[in-house]
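The values are calculated or read from the model by the stated rules, or taken from the named source; none is laboratory data. Just so it is clear, the structure is predicted and the values come from calculations on it, not from any experiment. All Cβ positions, even for glycine, are placed from backbone atoms using ideal geometry, and neighbour counts span all protein chains on display.
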Amino acid sequence: PRDFYDAYILTTTQKFDKSLFADALRATANHRGTTQQIADVPSILHNIEESPELKTMWEKYRKQFAYAADIEYGQIMAVLKVLTE
């Protein structure tokens, strides 16, 4: 959930370069040996969006941290989709 919050805040409060983000994501995946895991981004995002476990984790995070209380799971998903376009 903290990664979701970070992605949301960074994309909604800061100017960022999507191509630089994509390059950094690819470089990180190469370094970690996880390029195949991120190859099908639309499918991954769909799984994240439909995951009841992740939704529940996000709801718990929102209740625990007041700074995240007003951020809905749908808003998180919208940000993740923008980041991976």
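Ala39 passes every criterion in (1) within 20 Å of Tyr5 (Cα to Cα); (2) without any contact (Cβ under 8 Å) to a residue 12 or more places away in the chain; (3) not in a helix (DSSP H, G or I) apart from (1). Counting residues in region 58-65 that are in contact (Cβ under 8 Å) with a residue 60 or more places away in the chain, assigned to a helix (DSSP H, G or I), surrounded by 12 or more Cβ atoms within 10 Å (Cβ to Cβ) and in contact with a Ser or Thr (Cβ under 9 Å, 6 or more places away or on another chain) gives zero.
Give the residue, chosen from Pro52, Pro42, that is out of contact with any strand residue (DSSP E or B) (no Cβ under 9 Å at 6 or more places or on another chain), surrounded by fewer than 12 Cβ atoms within 10 Å (Cβ to Cβ) and modelled with pLDDT of 90 or more.
Details: Pro42 fails: modelled with pLDDT of 90 or more.
When all the criteria are applied, what remains is Pro52.
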